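Reviewing the structure listed below.
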């Protein structure tokens, strides 16, 4: 907040919980499982699987294709996956064509694409 609003005061508590890839944690009633993504970031980048009651959501964030997406998406209600380009290779980013190639292994009920480049053309 100081970077965006110098001199402001936070009126709420921020708790930071580190989620190491390969771990499972419960945070505020949400079950969180993590796997390592393929994206350099200075810290281990996670692929997340969130479970709240009967609902499961998997989330890739920025990553190149990694087999770690398969267990994260396994029978999830929703997989939110980046698809930066249709098929143009960009280091450390998924393409729509990667998701199509591996669709049989990604057993989520639905997939929502995110982080799409403005010109998502072939």
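Any read-out appearing in this document is the output of simple, stated calculations on the displayed coordinates, not a laboratory observation. All figures in this text were calculated on a predicted structure; none of them were measured in a lab. Positions of Cβ are backbone-derived with ideal geometry, glycine not excepted, and every protein chain shown enters the neighbour counts.
The ranking of 82, 18, 31 by Cβ neighbour count inside 10 Å, starting from the fewest, reads 18, 31, 82. Mean sequence separation of contacting Cα pairs (under 8 Å, at least six apart), scaled by the length of region 24-69, corresponds to a relative contact order of 34 percent.
Of the DSSP beta bridges with both residues in the chain, give the percent that are antiparallel, rounding to the nearest 5. Approximately 65 percent, going by the DSSP bridge assignments. Computed over Cα pairs, the Kirkwood radius of the chain leads via Stokes-Einstein (1.567 mPa s, 4 °C) to a diffusion coefficient of 83 µm² per second. Relative contact order for region 24-114: 23 percent, from Cα pairs under 8 Å spaced at least 6 residues apart, divided by residue count.
Note on residue 14 and residue 115: the extension gain reaches 33.7 nm, defined as 0.36 nm multiplied by sequence separation minus the Cα-Cα distance.
Within region 54-122, all pairs of alpha-carbon atoms sorted by distance into 10 Å bins from zero give the percentages 23, 56, 19, 1. Were the residues from residue 74 through residue 104 laid out at 0.36 nm apart, the gain over their Cα-Cα distance would be 9.7 nm.
Of the residues 49, 103, 11, the one that moves most in a GNM of the chain with alpha-carbon contacts below 10 Å is 11. Mean-square fluctuations from a GNM of the chain, with a 10 angstrom spring cutoff on Cα atoms, peak among 52, 19, 78 at 52. The helix-only estimate of mean residue ellipticity at 222 nm for the chain, built from DSSP H runs of length n ≥ 4 each weighted as -39500 (n - 2.57), is -2000 deg cm²/dmol after division by the residue total. Label separation (residue 64 vs residue 52): 3.4 nm, computed from points 7 Å beyond Cα along the C-beta direction.
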